[in-house]
Every structure is written in C-alpha cells, then in structure tokens.
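*Asks:* Please read through the structure below; I'll follow up with questions.
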Amino acid sequence: MSPATAHRLPAGPLAGLLERIPAPGPHPHADALREEAVHWLSGTGLLDREGVERLLEQGHLELAAHCWGDLPPGPALRAATQWLLLGWILDDRFDRHWLGDPSDEPDRTVRELAALLGPELGPGATPPAPGTPLARAFRTLWQDSIALAGPSWRARQTADFRSYLESSLDFLRLRGATPTVPQYLSHRDQDGATRCAAGAVELAHRLDLAEQFHGHPQLVDLRTRFDHLVGWANDLCSYRVETAAGHGNNLLSALEVHERLPRDAAAARVAALCDAELTTLEFLAEGIARGSHWPPQVRCYVRALVRFVHALLHWSATSARYRPQPVPPPRGRE
C-alpha cells in the first residue's frame, strides 16, 4: 500500500469510513518480509509460480507489510505473516476451487489439516506425515508457531482453526445457495477464521496472553467487534467479485435475496454496521490501552488489533483482490 494508494480512496460505501482512519505506514523491513513470504510460498510448493504471481498482483503481501507496525523481524513476525497468507489461500480454495466440486477433496483436505492439530501434538511430538503441499506447509507453520507460543495460545489457535475448517465445509455444502441472515450470522459466530487472524496478531507480538486476560469480558467484547468488522468489511469489498462469479455466501447477498433490499441499500446497511463496529472497537481498545490496571501485554494487544483493522480496511478497499468487476443483474428472488 503505497502512500499514493492510501490516499486514492474509493468511491462507494467504504469511502466515508476510510476518510477518518489512518492508513498505517509500511514496516521498516517490508521488502524483506515480502521476500521471506514469497520464498515460503514457493519453497513449500503451496503455490506454483502462477499462483505466487497472482497473490502478488492481488496485493496480499502489501497488507502483511503494513499491519504489524515496527515489530522487529524474526520468527514470530514471519509465522504471523504466513498465517495470514495461508488463510487467504484456503479461502480461495473453498470459495473458488471447491465450490461446486462434487469430489471429496475438500473433506479430505480438512481431515488432513485437522489431524495435524491433534491435542497430543505439542512441541516435540511427531505429527502424521502430510500428503499434500498444503498440509506440508501447514505442518511447518504449526510447528514453528507452537515453538514460539505457550499452551494457552496453542489451545486457542487449535480450536479456532478447527472451527474455521468445519464451518467452511458447512458453508460449502450450501453449493452456492444464498444463506438467510440468521444462517449467515450463525456461520459467522462459528467461523474461527477471524479469531485465527487475532491469534496471528498475538503471535507476531509474542504476547501469549494468559487465559484470565484473554477470556476477560472486555477483551471478549473487543474481539467480537473485531470479528464482525473484519467479516463485514470483507463482505462489502468482495461482494461484486463473488456475485459476478455466480455465488454470494455473504451478508450483502443475504440482505438482497432474503430481505428484499436493493443492492445499494444492502451495501449502505453493511457499511453502517462497519462504521458502528469500528467506532465501538476503537473506543473499547482505547479504554483498555489507557487502563493502568491492565498489564502491558494486554494494552499492546488491543492497540495491535486496532492497527490491524485499520490496515485491513485500507487494503480491502484498494486491493486488486476486490477489484470491481461487471455485475450481472440480480438473481431471481427466493
């Protein structure tokens, strides 16, 4: 995200929101972070050359270069960046490659990745031998991550990643049917993808929060706002791409199809939700960050979540991943 890109704010529902939030600057070692990520993607076979080029064109590494502040480079920052990239790659496979696939490949992949997260697979344990580049890359990332974090982080990330895999499979089984608003909200509550992103933020900063803090009602509330904001902003920016592809398992589609809202009205409603959640997230985080009774790692954590959200919103609005495409007329009402 160059300074020029940061100021080239898009027209549309996100424009007003982005006018009031800062666009985080690049990491001091942004080029090195990009090179490390490309080396990991290529070296593990997770993506072929074409896939790496596509990832670069869509600007995924630009977000990774802007969301971490000035953290020192090293294993933790490297692993956190890899978690973000792995999540996007899996999202693309669920949404684009596996949608409508009648084979059992999605189920086999989910089972293989879940097996690598077995509760007995703590540091030093021997996981099952992975059979695909995706599983091999994930095994390496998981082993690197648990060597950097304690048992509390490992337990949370295990539960959240399993939840993400299972909920993605459940949504995949809709086979392109548009969820109702209650179905969408239930899926969002069960989906651990955004919680995994929050776990990556925690890992990058080497915070390893004790459960008494992580489970505190104020932090639970904060992460709920974080989860909503990340999910709804993604829906808002990806809507055109997904509907042009013939499917839309997101909040805007649910509002358009089942609530009979015109497309512009659905987008405006989701943008208003994002604005309200961002305001609340920033307010709650500021209160925690200024609270002297909170330990330094908690204050660092909430500031880092807000920075991540700011970077993500600016990236989502300008990334080629969500570049507007021609949208066909609305589908028939159900």
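The values are calculated or read from the model by the stated rules, or taken from the named source; none is laboratory data. Since the model is a prediction, treat every value here as computed from it, not as a measurement. Here the Cβ positions follow ideal geometry from the backbone for every residue, glycine too, while neighbour counts run over all protein chains shown.
*Asks:* Looking at residue 161, is it over 21 Å from residue 116 (Cα atoms) and of a type in the set (Phe, Trp, Tyr)?
*Replies:* Numbers: over 21 Å from residue 116 (Cα atoms): no; of a type in the set (Phe, Trp, Tyr): yes.
No; evaluated as a whole, the condition is false for this residue.
*Asks:* More than 30 Å from residue 102 (Cα to Cα) and surrounded by 21 or more Cβ atoms within 10 Å (Cβ to Cβ): does that describe residue 226?
*Replies:* yes
*Asks:* Let me ask something additional. Give the residues of region 166-182 that are modelled with pLDDT under 85 and over 17 Å from the mean Cα position of the chain (by Cα), sorted by residue number.
*Replies:* 170, 172, 173, 174, 175, 176, 177, 178, 179
*Asks:* Do you know which residues across region 164-181 are touching a helix residue (DSSP H, G or I) at 6+ places or on another chain (Cβ under 9 Å), more than 18 Å from residue 113 (Cβ to Cβ) and not hydrophobic (A, V, I, L, M, F, W, C)?
*Replies:* 178, 179, 180
*Asks:* Among the residues of region 235-253 satisfying the criterion of being at pLDDT 80 or above and of a type outside the set (Ser, Thr, Tyr), which is farthest from residue 186 (Cα to Cα)?
*Replies:* Within region 235-253, the first condition is being at pLDDT 80 or above, and the residues that meet it are 235-237, 250-253.
Still in the running and of a type outside the set (Ser, Thr, Tyr): 235-237, 250-252.
Working: 235: 15, 236: 18, 237: 21, 250: 12, 251: 11, 252: 15 Å.
My answer is 237.
*Asks:* Further question: Of everything in region 182-215, what is over 25 Å from residue 72 (Cα atoms) and surrounded by fewer than 16 Cβ atoms within 10 Å (Cβ to Cβ)? Give them in sequence order.
*Replies:* Applying the first criterion (over 25 Å from residue 72 (Cα atoms)) to region 182-215 yields 182-193, 211-212, 215.
Matches in region 182-215: 182, 185, 186, 189, 190, 211, 212, 215.
*Asks:* Now for a different question. Please work out if residue 50 is closer than 28 Å to residue 278 by Cα and at pLDDT below 90. Show your work before the answer.
*Replies:* Details: closer than 28 Å to residue 278 by Cα: no; at pLDDT below 90: yes.
So residue 50 fails the test.
*Asks:* Here is a follow-up. Is there any pair with a first residue in region 133-162 that is in contact (Cβ under 8 Å) with a residue 12 or more places away in the chain and crowded, with 20+ Cβ neighbours inside 10 Å and a second that is among the polar types (S, T, N, Q) and in a helix (DSSP H, G or I) whose Cβ atoms are under 7 Å apart and which are 6 or more apart or on different chains, and what are they?
*Replies:* 134/109; 141/82
*Asks:* Among the listed residues 37, 32, 76, 64, which satisfies the condition of being surrounded by fewer than 18 Cβ atoms within 10 Å (Cβ to Cβ) and part of a helix (DSSP H, G or I)?
*Replies:* None of the others qualify; the one that does is 32.
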